[in-house]
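Accompanying notes for the structure given below.
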Amino acid sequence: MAPDRSAQIIDTAKEMGAAIAGIASVELLKKSPSHDMLGRFGTKIDGVHSFEGMVEGFNEIKWPARVKSALVIAVSHPEDKPELDWTNASGDTPGNRILQRINRELAAWIEETLSIKTHKMAYWVEKGGIYLKDTAVLAGFGCIGRNNLLITPGLGPRVRLRAMLLEDELTPTGPTTFDPCDSCKEFCRKACPQNAFDRVVLSSAETGMYALPGRDGCFSRAKCSIQMDKDVKDSDMAVGKEFLSGLDQLAVETRGLSQTEGRIKWCRRCELACPVGN
Ligand code: B12
Ligand code: SF4
Ligand code: SF4
């Protein structure tokens, strides 16, 4: 254990532009609800995959050997900067590019300064990533809200995440007891245009799990995906699995379209309706 290293890494992440940074134990993360859910049900939840046909037959995360800690960072996505969340012609978003830049620079700094081997994680679990909300909760960023998003005390759900794994046992920075939802009127759930929170999709009785999507299993991925498909249609952009892989590209390709042409403006109503952090 080296507690001073955790603090040093977090300070450096913030200097590089992260709004929040923290560390979770890989041992605990492997058993966290989303990773547990993957082991039990695969990626097909509520009848739909995270992204249809992303990687055929994927059902298990291959954790690199010797990794002990997960380092997760958050970048603020305030309501008055909606463009950070818009998918452009490269299949990427400006916010994700900031996250990738910080992750890349931070990994290089950790390897050079602290001599710790790092593994930068992909966005999609199917392409070598991990579940980011669980990682953030275990790193002490906040809790999973009734909108099924990570809620942080300072920025509410209006953050985007990225992670890397480290071959060193660092002091975890969470979890916390923060929970704003119990006393809230569920503005998030009422704001959903698809009524994605109107019924139990997965129950504790059925799954044997107590931490479910939306906390109580009231989140329909299928209904949310209908909205996502609508958002794509409204953008007039052609989207396939290769296009969305843009989130993990290192070099940005324009794929024949200019960077200013076309934008997918994803629904964020359950996120923006949450009063926490405003
Ligand atoms: C696939 C995916 C989608 C799919 C499917 C979503 C789903 N939940 O199944 C679709 C397209 C529908 C989608 C929609 C959205 N997404 Co999305 N998505 C992802 C992705 C790639 C994987 C998520 C996943 O499959 N999870 C597995 C399923 C089974 O888990 P789950 O539904 O989240 O439920 C688990 C948690 O709730 C957890 N849990 C519940 N209680 C507790 C308690 C504790 C203590 C812990 C540890 C965990 C925990 O356990 C549940 C499983 O039992 C992640 C990136 C990543 N690599 O993690 C982004 C991600 C989750 N999405 C994100 C966002 C912002 C969105 C949208 C707002 C759209 C947008 N503008 O980007 C909507 C919001 C939908 C919603 N309310 O959940 C952000 C969330 C940021 C945040 N503040 O939480 C992420 C992290 C990406 C990022 N760039 O940072 N998404
Ligand atoms: S609006 Fe925010 S605080 Fe209220 S229930 Fe939804 S996620 Fe929780
Ligand atoms: S992103 Fe939109 S459609 Fe999906 S759950 Fe949130 S409010 Fe509903």
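The values are calculated or read from the model by the stated rules, or taken from the named source; none is laboratory data. Bear in mind the structure is a predicted one, so any value in this text is a computation, not a measurement. Reconstructed Cβ throughout: ideal geometry from the backbone, glycine too, with neighbour counts over all protein chains shown. SASA here: full protein model, heavy atoms, side chains in, ligands and nucleic acids out. Shrake-Rupley method; radii C 1.70, N 1.55, O 1.52, S 1.80 Å.
Some values worked out for this structure:
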| read-out | value |
| --- | --- |
| Sites residue 228 and residue 4 - FRET efficiency at Förster radius 45 Å, r taken between beta-carbons, to 0.05 | 0.55 |
| Rounded to the nearest 20 debye, dipole of the chain from Cβ charges on Lys, Arg, Asp, Glu | 360 |
| Amide H contacts of residue 20 (H built 1.01 Å from N, under 5 Å, at least 5 apart or other chain) | 74 |
| Label-point separation in nm, residue 185 to residue 249, each point 7 Å along Cα→Cβ | 4.5 |
| Reachable lysines, given that their alpha-carbon falls under 27 Å from the alpha-carbon of residue 233 and they are not under 8 places away in the same chain | 44, 81, 127, 190, 223, 241, 265 |
| Pair residue 46, residue 199: separation of 7 Å Cα→Cβ label points (nm) | 1.2 |
| Solvent-accessible surface (1.4 angstrom probe) belonging to residue 134, in square angstrom, nearest 10 | 20 |
| Virtual paramagnetic centre 7 Å along Cα→Cβ of residue 207, amide N under 15 Å, in the stretch 97-132 | 131-132 |
| Free-standing Cys residues across the chain, given no other cysteine C-beta under 4.7 angstrom | 143, 181, 184, 192, 218, 224, 267, 274 |
| Whichever lysines have a C-alpha closer than 18 Å to that of residue 117, once near sequence neighbours (fewer than 8 apart) are set aside | 62, 68 |
| Ranked by how many other beta carbons lie within 10 Å on average, peptides 136-142, 238-244 from highest | 136-142, 238-244 |
| The chain: projected area of the alpha-carbon convex hull, averaged over directions, in nm² | 14.4 |
| Inter-site label distance for residue 104 and residue 127 at 7 Å from Cα along Cβ, in nm | 1.5 |
| Proportion of all alpha-carbon pairs of the stretch 70-174 beyond 22 Å (%) | 32 |
